[in-house]
Each structure stands twice: as structure tokens, then as C-alpha cells.
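Heads up: the structure comes next, in C-alpha cells.
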Amino acid sequence: MKKTGLFILCLLFAAQGFAQKGSPIQCSADLLKFDENIGNVQIFTGNVEFRHEGSTGYADTVLYYPEKNSLEAFGKEIIIHINDSVHLYGKNLHYDGETRIATIYRDVMLSDNRGTLYTDEMTYYRNEDYGCYLTGGRIESDSATLTSVIGYYHTRSHDVFFRRQVEVQHPDFTLSADTLRYNTASETVYFIGPTEMISGSHRIWSRDGWYRTGSEAAAFYQRSLIYTDSLLLVADSVHYENLKEKGNACGNIVLIDTQSRNCLQGNYLEFDRHARYAFATDSAMVTYIDHGDSLFLHADTLWIDLDSNDKVQKASSYPETRFFRKDFQGRCGRMEYFAEDSLVKMLQSPVLWSDSNQFLADTVFVFMTGEAIREVHLTGHAFVSENVLADIHFNQVKSPQMQVYFKENQLDYAIAEPHAECLYYILENDTELVGIHQAQAERMRLRFERNELQTITFYRQIKGEFGPDPMSDKRYLPDFLWLGQIRPKEKQSIFVPDHHERAIVTETTEEDE
């Protein structure tokens, strides 16, 4: 019997009045036979073709059940063209024409020209245009292979949902998760549950986000964590473009150098490896660890310039830089750090405090050895004050410039030159004020013990006078300024803006009187 005749005969049997909700499945083959011993079934063999509502399939053998409008198909390779772009392959098939549900077994493949899904058993729901497997499968695209125990492939939207033991293998990364979504059209992986992603030295944990394999762009949300050999980043959201090597992080950012344990915090962080910079802003604060003590520094913007090896070359903080450590505090309009020289430069009205001492100058240079302060150079209108008693009486030294030296993070000695002036109080029993000594010299050397001024040595062109009345109006050198009210007293106070008058205390002259 020719194939055309069998096709017409099949239509006649399908129209015998069986109560069917959907249109009948149409079959044609080289041979059609009936076997009453196995019930009302039509057996098609040899180059079988079956069609139903826009889909076409091919098999070696088909058992068609007219009453149920369903079929069983067998063959070395069953092919079903669900539509022009979606194709289903396997070796055993059950298809229900009423529900439009196909279940296919053994060496199953589902292809949509974007990727191919492989499994041993799949159920495809034509009404909803998706297939699912429950016993393990994988999908392969041009750039990645994804495996899981359970999967749902939505051919209309090109979305694949993976569940249980999800793994992604990509030339640039590996990924493991419990739940995942992958879009074959955009080649984008979506994280919809706890996910771990490893790329070279980078390890990423996220509960929500996406990664686009083609452009290598990514976004991570819900307090995601990124860990490298030397850095740990946690933020509410992170966006990164690997090809451009740039990105940003937003919301409650914590960036830790795992080697030094230094920490950067803020609400916005941006970095660009090609342009070799990074900066943080919006409540930005950096914490430096030094022998169990910490220095906390805040400014509106913290900026970093990187060298070709991604090492910090220069760091800047501006405007309104303020920092706090238990034994050392300061503020300025702008601060710059030069890594090669371990040099800190403070500009725009800088001021430093150490215990009861205050340091002022036009520009302050701080030289570091590791995390410890080695020396401080005060350049331009240098002025050192020591609070002797009750924020009223101050030892004072001024000079065009001054060098201050530290030993084990404590004041050791200072050199003031040229044309140095000093005013200091004579105390009895360290509590009772006796008088004031005021002097001038070409050079002065100040010696400290436990951060307190002990002696002053004068060199060349020395002039001086002793005032017996410590409460006289001659208690302040010209340009004296005490800024204790803006001194950071604790970590939280570095976020408090400065509001003060520049001239807090000035010398009263006879003309003013």
C-alpha cells in the first residue's frame, strides 16, 4: 500500500465519530496494519510521519490510538519539529493529542537554535511551550554548559530554569547553585537562590543577580560577596563589566584588604582598571589597622590612583577630611598619600592633635614607616600649642616652618626655625601657675616626654622676658588659634561637619583697649 493511500485511510479512521476535544493526529507511513489482539490501535511502520496542529514528527514505528488520540513512537532517532525553531529528538515517545503533551525518552535533545538540552527523559507541554526533565540534564550553548537534576526549558521566552545541584561550566568561570535561570537568547545566567561563582582568583557568593556570558557583564544584589586573593567586597549591589574591567558597588559597602586588614566603607564605590582609578563616596570611611589600634578616616570622596600592577600609587581624600585614632587626630580640606614615598600631604587649613598638643601650618607633610608616623613637617606659618590648663593656658611655639619627630608613635622632639617664637608657662608642682616665659631665637629645639613638652633649647639671637602674671593679656602669641571644638573625640565624630570661627583666640593689644 502506498504512503499516500495510508494517509487517506488514516484520516477516515480518525473521522469515525470518536469524541475528541482536539484535532486528530495525522499519520502516514510505508505500511499500516491493525492488530485486534492488542486493542483498537493502528500500527505505522517504515518512514513514519505524524503531524498535529503545526508540529511534524518522524519515527520508525508509531502506534496510534484513535479513541485516545494519542500515539507511541519508536526509532533509532525520533524527530519532532515543534515549530520552525524548536526541535525535539529521542528514541521513544508518547504524545497525547488532547492535552498536547509529549513525553520522550532515551538520548533526548531539545534544540531551539540558541542552545541544546540533553537528558534521558523529558515532558514537553505544547500549550505552554516548555519542556521539563526531573532526572538530570544539561544544556549546551556556544559559551557554557549547564547541568542540574531538574530543568524547565521555555522555548518561547528562551528561559531555562534549573533546580538542585546546578552547575555551570564556562571557559572563564564555574558556578554552582540550587536554583538558576538561563536565557539562551541573551546568554544570561540569573541567580535566584544561593549561588557560588569562581573565576580565576575571584570567588563570588550571591542570592540574586545575573551574568551575561557574551559581554561578561554581571550584577549581584542582596549583600553579595566577592573575594579575591587579597580583597573581600560586600555590598547591597555590585555591577561589573569584565571586558571593560570597570564596575561599581552601591549600598553599605565593606571592602577589606585581607592581608593588611584595612577596610573601606561607604555607599558608593566605582573602579576602572583601564583608567587605573577607584573612588568611594557617600559616607566613605577607611580604617587602617596598626598594632591593634585603628585609624578611622572620612571625607566626602576617597580617590585611589593605581599603577600597572593594580597597586595603590596615590590616594586622595577631599573635601573635609577628618580622621581619628586614640592617640592622634586631624582634619584638613584635602589629603594626599604617595605610596612610593610613604608620604601623607595635608592641604587646606590642616590641623593635627596628639594628646594635649595641636599642630597648625599652611601645609603638613607626614612621613610614615609602615603604619607608624616617623616625622611631621609643618610648612608655612607653623604653630604648635599645648593645652596646659583648662583650655585657657597654652604653651606655644611658632615659626615659618617646623619639623616634629616621633618615636614609637609618640612625640620625641621638634625643631623650629628660622625666627622662632615661644611662650610657655612656669608651673609649680605641675598644677600651680607661676608665670609666663616668652622668648625669640633663630632656632629652637623642643623635647617631649610622654607627649608633653619638657624643655626648650634656644640657639642664636636669643631674646626673652619673664612675665610674673599668668593671667595677663600677654598670654598668646600672634596668630594663636585653638581648635579643640572641632577635634574628633571619637570614631563617629569624623562624620560631623566643621562649624567654627577661624579666630577663636587672638592677642589683645593696647590700641584695641
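The values are calculated or read from the model by the stated rules, or taken from the named source; none is laboratory data. Because the structure is predicted, anything quoted here is derived from the model rather than measured. Backbone-built Cβ (ideal geometry, glycine too); neighbour counts: all protein chains shown. Just the protein is used for accessible areas: all its heavy atoms, side chains included, with ligands, DNA and RNA removed. Shrake-Rupley method; radii C 1.70, N 1.55, O 1.52, S 1.80 Å.
Between Val254 and Val496, what length comes free when the chain is fully extended (0.36 nm per residue of separation minus the Cα-Cα distance, one decimal in nm)? It would help to have the intermediate numbers written out before the result.
On the way: separation 242, 0.36 × 242 = 87.12 nm, distance 2.09 nm.
Working it through step by step, the gained length comes to 85.0 nm.
Would any residue of the range 66-86 have its amide N under 17 Å from a label point 7 Å out along Cα→Cβ of Asn113? List them or say none.
80-86
Using the Karplus curve 6.51 cos²θ - 1.76 cosθ + 1.60 with θ = phi - 60°, work out ³J(HN,Hα) for each residue of the range 260-276 in order, rounded to whole Hz, and write x for Gly and Pro.
Ordered by residue, 3J(HN,Hα) equals 8, 6, 5, 9, 10, 10, x, 10, 8, 9, 9, 9, 9, 5, 5, 7, 6 Hz.
Quickly estimate the mean residue ellipticity at 222 nm for the chain, helices only: each DSSP H run with n ≥ 4 gives -39500 (n - 2.57), and the total goes over all residues, rounded to 500.
Mean residue ellipticity at 222 nm (helix-derived): -500 deg cm²/dmol.
So which of Lys345/Lys398; Lys398/Lys474; Lys407/Lys474; Lys33/Lys68; Lys311/Lys345 end up more than 23 Å apart, counting from Cα to Cα? Walk me through the numbers before you get to the answer.
Numbers: Lys345/Lys398 20 Å; Lys398/Lys474 15 Å; Lys407/Lys474 34 Å; Lys33/Lys68 18 Å; Lys311/Lys345 19 Å.
Pairs exceeding 23 Å: Lys407/Lys474.
With Cβ to Cβ distances under 13 Å as the rule, what net charge do the other residues near Ile43 carry (K, R +1; D, E -1)? Don't skip to the answer; put the middle values down first.
Working: positive: Lys33; negative: Asp30, Asp35, Glu36, Asp60, Glu72.
Around Ile43, the surrounding residues sum to -4.
Counting only other residues whose beta carbon sits under 13 Å from that of Gln313, what net charge do I get with K and R as +1, D and E as -1?
Working: positive: Arg276, Lys311, Lys314; negative: Asp305, Asp307, Asp310, Glu336, Glu340, Asp341.
Residues near Gln313 contribute -3 overall.
What FRET efficiency comes out for Asp327 versus Arg460 if R0 is 25 angstrom and r is the Cβ-Cβ distance? Round to the nearest 0.05. Could the numbers behind the result be given before it?
Working: r = 34 Å, r/R0 = 1.35.
The calculated FRET efficiency here is 0.15.
Divide, for the chain, the radius of gyration over alpha carbons by 2.2 N^0.38 Å, where N is the residue count.
Working: Rg = 40.3 Å, N = 513, 2.2 N^0.38 = 23.6 Å.
For the chain, the normalised Cα radius of gyration comes out at 1.71.
Gln165 versus Glu241, label points 7 Å from Cα toward the beta carbon: distance in nm?
3.9
Would you please put 328-334, 354-360 in order of how densely packed they are, using the mean number of other Cβ atoms within 10 angstrom per residue and starting with the highest? Numbers along the way, then the final one.
Details: 328-334: 22.0, 354-360: 20.3.
Per-residue mean Cβ counts within 10 Å order the peptides as 328-334, 354-360.
How much solvent-accessible surface does Leu297 expose, in Å² to the nearest 10, with a 1.4 Å probe and all protein chains in place?
Surface open to solvent at Leu297 totals about 10 Å².
For Lys491, which lysines qualify as cross-link partners when the Cα separation must be under 21 Å and same-chain residues fewer than eight apart are set aside?
In chain and number order, the partners are Lys326.
Assuming R0 = 45 Å, can you tell me the calculated FRET efficiency for the pair Tyr125 and Asp305, based on Cβ-Cβ distance, to the nearest 0.05? Don't skip to the answer; put the middle values down first.
Numbers: r = 57 Å, r/R0 = 1.27.
About 0.20, to the nearest 0.05.
Can you give the FRET efficiency to the nearest 0.05 for Asp412 and Ala275, using r as the Cβ-Cβ distance and R₀ = 45 Å? Don't jump to the answer; show the numbers that get you there.
Values: r = 42 Å, r/R0 = 0.93.
Efficiency at R0 = 45 Å is approximately 0.60.
Give me the net charge of Leu269's neighbourhood, meaning all other residues with Cβ under 13 Å from the Cβ of Leu269; Lys, Arg count +1, Asp, Glu -1.
Values: positive: Lys246; negative: Asp236, Glu270, Asp272, Asp282.
For residues surrounding Leu269, the net value is -3.
Whole angstrom only: what separates the Cα centroid of the range 84-118 from the Cα centroid of the range 343-387?
76
Over all distinct alpha-carbon pairs, what is the Kirkwood Rh of the range 78-220 in angstrom?
Details: mean 1/r = 0.0654 Å⁻¹.
Computed over the range 78-220, the radius equals 15.3 Å.
Counting just the Cα atoms, what span does the range 138-257 cover along each of its three principal axes? Round to the nearest Å and put the largest first.
Largest to smallest, the principal-axis extents are 43, 27, 23 Å.
When all protein chains stay in place, what accessible area (Å², nearest 10, 1.4 Å probe) is found for Thr116?
About 30 Å², rounded to the nearest 10.
By how many degrees, 0 to 90 and rounded to 10, does the Cα axis of helix 3-14 deviate from the longest principal axis of the chain?
On a 0 to 90 degree scale, this one is about 90.
Using square roots of five times the C-alpha gyration tensor eigenvalues, list the equivalent-ellipsoid semi-axes of the range 203-356 in whole Å, biggest first. Please list the in-between numbers first.
On the way: eigenvalues 180, 53, 38 Å².
In descending order the semi-axes read 30, 16, 14 Å.
Please give the Cα centre distance for the range 262-337 versus the range 213-244, rounded to the nearest Å.
Using only Cα atoms, the two centres lie 21 Å from each other.
Aspartates and glutamates near Lys244 by alpha-carbon distance under 18 Å, same-chain residues fewer than 8 away left out - which ones?
Those aspartates and glutamates meeting the cut-off are Asp172, Glu216, Glu270, Asp272, Asp305, Asp307, Asp310.
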